[in-house]
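Scroll down for the structure; my scribbles are underneath it.
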Amino acid sequence: MPDDVPTTQESRIHCWLKTAPTRWFVAYGALAAFATYFCMYAFRKPFAAAKYEGLMFLGTDVNLKTVLLISQIIGYALSKYAGIKVCTEIRRAYLARFLVGLILFAEFALFLFGLVPEQYKVAAIFLNGIPLGMVWGSVSRYLEGRRASEVMFAGLSCSYIVSSSSVKAYGTWLMERGIDQFWMPFTAGLFFLPLFMVAVYLLNQLPPPSAADIADRSKRSVMNSGERWAFFRTFLPAMLMLLLVYFFLTAYRDFRDNYTPEIFKALGYETKPELFLKADWPVAFGVMTALACLNFFKNHRYGLIAVFGVMLTGIVLMATATLLHDLEKISGLWWMILIGTGAYLAYVPYGAVLFERVMASTKVAGTAVFAIYLHDAIGYTGSITVQLYKDLGQGELNYFEFLRGFTWLLCGLGVVCFVASCLYFMSKHKPAAANEPPQRP
């Protein structure tokens, strides 16, 4: 079945979207994508709200929570590797059913997490991570290749900035009302399951990119194995530099997110759910605004430069915030807000607008999801590596001290690689030509 065959019957919503004014189409797409991915986090993150105090893994000195976190990330990372193939080859007609199937599998794994004895819960949470890593790529397929993709991706990206703290707060609320900490994740997922299905239905009403979208952004189609690796070889130097930064950037983002209570405790704060919301919601607003503004750049050469400008701004913000905190000019909470904003400004474009603009600028055909998933696979490998390194190689440092040193390392590496990658992609820019078909790599 061709990839551009309509995937929905002619519902009222689908028909309306075909002729809707741009602002309403974009608002609809952004909200549908936001809701879908926000609900996904209810199947991924609530378990991290539990402390599992006094529980060690198989009688060792390793905390059970640490093993659970790493086990889910391993499953999630494997899912990203699988997504390099699956999410770039699956036909649009099957995306909605695929998304629902992924979440049902994840919820079943959470049922096992509550049911099985303690020694098997690590395996259950590993199974939970396996399908969830392919949700982002599936949702992205609906949004890419459109003239207003940046705005819709801004809404999608905002979802995972605010959803983690939100669903963990919900998980805490459930436990305060007597839900067992091992059954709480399944209960949270059960509540969000119908909401997820509604969100997927609404997302699936989006029509394929129009002829004007294709003319501006290049056609987005499935990619076979040969085309994927041809794409990688075409941009090899820049891809290697971006992969190196993303390896550490994903680890940095995950470390700040997973160990927020421990970091705040080291900074002298009493860890409360509302403190997590204070640290993340301002971040979402700043990042969403920055990404949405990228849509003002209609020229793809300047648009790509602007994307790298946002990423570099994030790196500089992280360094500035850390320096100000070292000089005691800002509080620990403001340091967490600012490094979070900076990290997400550098991180979020990878999963949305960076490769969208690369493909529009270079006129290479295919799907940006391949590049996104290649980086995600490497990034979550980095997350596992850095968490193990902290426990095994830097155990004497508290979580704040480790994150502070990590910030300076990432800032130095990010500045060099982002500038070099931007210059490389500029050399590959191809101006738009009338009636010229997009080129295969």
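Each value in this text was obtained by applying a stated rule to the coordinates, not by laboratory testing. In this text, all values refer to a predicted model and were calculated from it rather than measured experimentally. Every residue, glycine among them, receives a Cβ derived from its backbone with ideal geometry; neighbour counts consider all protein chains shown.
Odds and ends about this structure:
- Separation in nanometres of the label points that stand 7 Å from Cα toward Cβ, at Val316 and Lys278: 2.9
- Cα lying deepest toward the dipole's positive end in the stretch 277-378, options Leu312, Ala360, Ala371, charges on Cβ: Ala360
- Loop-located trypsin sites (Lys or Arg not before Pro) in the stretch 91-180 whose Cβ has at most 11 other Cβ within 10 Å (DSSP): Arg177
- In a fully extended conformation the segment linking Tyr94 and Trp16 would gain 25.9 nm over its present Cα-Cα distance, using 0.36 nm per residue.
- Modelled this way, with points 7 Å down the Cα-to-C-beta line, the labels at Phe296 and Val198 are 3.5 nm from one another.
- Simple Cβ-charge dipole of the chain, Lys/Arg +1 and Asp/Glu -1, about Cα centre, in debye nearest 20: 1320
- Derived scalar couplings between HN and Hα for the stretch 412-424 equal x, 5, x, 4, 5, 6, 5, 5, 5, 5, 4, 4, 5 Hz in order, rounded to whole Hz, by the Karplus curve 6.51 cos²θ - 1.76 cosθ + 1.60 (θ = phi - 60°), x for Gly and Pro.
- Selected from Leu275, Trp229, Leu291, residue furthest toward positive end of dipole (the stretch 212-364; charges at beta carbon): Trp229
- From the largest down, the chain spans 66, 49, 38 angstrom on the principal axes of its Cα atoms.
- Vicinal HN-Hα couplings computed from phi for the stretch 126-136 (Karplus, 6.51 cos²θ - 1.76 cosθ + 1.60; Hz; Gly/Pro x): 5, 4, 4, x, 4, x, 5, x, 9, 6, 4
- Applying a threshold of 24 Å to the alpha-carbon distances of Lys85/Lys298; Lys65/Lys272; Lys80/Lys298 flags Lys85/Lys298; Lys80/Lys298 as lying beyond it.
- In sequence order, calculated HN-Hα J values of the stretch 152-167 (Karplus, 6.51, -1.76, 1.60; Hz; x Gly/Pro): 5, 5, 4, x, 4, 5, 4, 4, 7, 6, 8, 6, 4, 5, 5, 6
- Residues in the stretch 41-62 reached by a label modelled at Glu118 [backbone nitrogen below 14 Å; 7 Å Cα→Cβ]: 51-62
- Sorting Ile74, Ile125 from the fewest to the most surrounding beta carbons within 10 angstrom yields Ile74, Ile125.
- Alpha-carbon centroid distance for the pair the stretch 382-424 / the stretch 106-169, whole angstrom: 24
- Over the chain, DSSP H runs of length four or greater, each weighted -39,500 (n - 2.57), average out per residue to a 222 nm ellipticity of -24500 deg cm²/dmol.
- Taking packing as the residue-averaged number of other Cβ atoms within 10 angstrom, the listed peptides 226-237, 10-21, 150-161 run from highest to lowest as 150-161, 226-237, 10-21.
- Extension gain for Leu190 to Ala211 (0.36 nm times residue separation, less C-alpha to C-alpha distance): 3.5 nm.
- Theoretical FRET efficiency, 1/(1+(r/R0)^6), r = Cβ-Cβ of Glu262 and Glu176, R0 22 Å, to 0.05: 0.60
- GNM top mover of Arg404, Arg23, Arg256 - the chain, alpha-carbon springs below 10 Å: Arg23
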